[in-house]
Amino acid sequence: MEEYYQNLIIDYAEKRISDRGLAELREWVEQSPENLSQFRNTLKVLESAKQYFKKEPAPQRVWDAIEHQIQNSQQSHPIINPATPYTWMAYAAIVLLVSAIVLFFHENLFQARPTNPVFTEIRNPNGKRSRVTLPDGSVIFLNAASMIKYEKSFDAAVREVYLEGEAFFDVEHDQSRPFIVKSGTVNTTVLGTSFNIRAFKDDGKVAVTVQSGKVGVTLSRDGSQKFLQYLLPGQQLDINAVNGDYSFNTLNASNAAAWKDSKIVFDNKPLDEIALTLERWYNIKVELSHPQHSTSGYTAKFDNLPLNQVMDILSQLTGCSYSFQQNKLIINNKNCK
């Protein structure tokens with residue numbers, strides 16, 4: 001989907017779209033059933049990410065109302081041009097969505113939220129990884145130096161998990177209850193899929209990688225939600241946590257989540273990133289003798305090896321030497337390859 005139409009949908013969802021923009025959006029939606037589907041899905045992601053809807057899931061209720069009205073209208077008002085069966089439906093979806101969302105806002109926007117919700121927080125120190133099963137049956141693999149937090153009851157209309165660090169999510173499918181992972185300003189919304197999120201503060205970025213299913217990623221900036229990208233299996237989105245810039249690429253998704261199977265995978269990673277990973281994985285302080293010389297990228301894979309064996313292999317690969325000083329690993333990278 002072109003960024004221009006993404007922005008039109010966002011303006012529409014935020015109720016600030018111009019008459020001209022609405023006309024252009026309607027024309028685009030009418031062009032194909034694929035565009036109509038993207039319009040629907042983008043609105044679902046945006047509305048879920050707003051987190052207003054605690055009583056009943058807004059996206060599903062809104063669309064149920066729309067589709068009900070469309071079905072009733074089709075029975076009494078046949079489509080004039082049978083060669084374009086999606087034209088009237090697309091128009092009806094756009095027009096009816098306004099009244100449906102307004103009605104839902106009136107009923108639910110100001111519903112009181114729990115004043116003192118009870119949260120479950122799970123935090124892994126360096127060197128520890130864990131597997132967590134949520135009350136809905138979803139499974140989270142939590143990496144070292146990482147934390148997740150969620151409401152203990154986990155029975156709200158929108159399932160929310162807060163993440164600092166890295167985790168792999170295998171989400172239980174529930175069409176009526178979207179699942180949102182909040183990583184700082186980045187929101188990842190799904191209904192049922194498996195994906196990896198890497199959001200360490202030290203990295204200064206958030207990486208979302210999909211292994212199965214489909215997710216929508218939004219960014220909270222200046223009080224509104226910016227839709228960034230849909231991701232399918234084997235796709236990754238890298239978001240700069242400081243300025244909001246992002247890039248899209250394809251890759252082997254299993255490598256991004258190999259850590260949950262006790263494997264370390266470096267794919268063209270510089271030494272400073274490798275050092276941070278080793279710190280978290282082995283719970284040891286790692287220093288580079290010459291941090292300014294850490295720009296070269298290295299690719300390697302380790303399957304549950306002790307640190308000294310990992311360093312022996314890295315030394316052969318990079319040409320760096322290393323030493324241990326008390327509980328600290330020093331990598332001499334002055335003359336690395």
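The values are calculated or read from the model by the stated rules, or taken from the named source; none is laboratory data. Please read these numbers as outputs of a predicted model, since none were measured by experiment. All Cβ positions, even for glycine, are placed from backbone atoms using ideal geometry, and neighbour counts span all protein chains on display.
Only residues that are among the small types (Gly, Ala, Ser), out of contact with any Lys or Arg (no Cβ under 8 Å at 6 or more places or on another chain) and part of a loop (DSSP other than H, G, I, E, B) were counted across segment 157-183, and they come to 1. Every condition in (1) outside the structural domain of GLU166 (by TED's automatic domain parsing); (2) surrounded by fewer than 18 Cβ atoms within 10 Å (Cβ to Cβ); (3) part of a strand (DSSP E or B) holds for PHE266 except the one numbered (2). Could you list, ordered by first residue, the pairs with Cβ atoms under 8 Å in which the first is in segment 302-314 and at pLDDT 95 or above and the second is of a type in the set (Phe, Trp, Tyr) and part of a helix (DSSP H, G or I), at least 6 apart or interchain? Here the result reads LEU307/TYR282, each pair linking segment 302-314 to a residue that is of a type in the set (Phe, Trp, Tyr) and part of a helix (DSSP H, G or I). For segment 201-213, a tally of residues being surrounded by fewer than 21 Cβ atoms within 10 Å (Cβ to Cβ), touching a Ser or Thr at 6+ places or on another chain (Cβ under 6 Å) and not polar (S, T, N, Q) returns 1.
Regarding GLY192, is this residue assigned to a loop (DSSP other than H, G, I, E, B), in contact with a Ser or Thr (Cβ under 8 Å, 6 or more places away or on another chain) and at pLDDT below 90? Taking the combined requirement at face value, the residue does not satisfy it.
Scanning segment 315-337 for residues that are part of a helix (DSSP H, G or I) and without any contact (Cβ under 8 Å) to a residue 40 or more places away in the chain yields a count of 3.
When the residues of segment 11-41 are filtered to those that are outside any loop (DSSP other than H, G, I, E, B) and hydroxyl-bearing (Ser, Thr, Tyr), the one that is surrounded by the most Cβ atoms within 10 Å (Cβ to Cβ) is TYR12. Looking for something on the phi > 0 side of the Ramachandran plot and either charged (D, E, K, R) or in contact with a Gly (Cβ under 6 Å, 6 or more places away or on another chain) (or both) - is there at least one such residue anywhere in segment 168-191? No, the conditions are met nowhere in segment 168-191.
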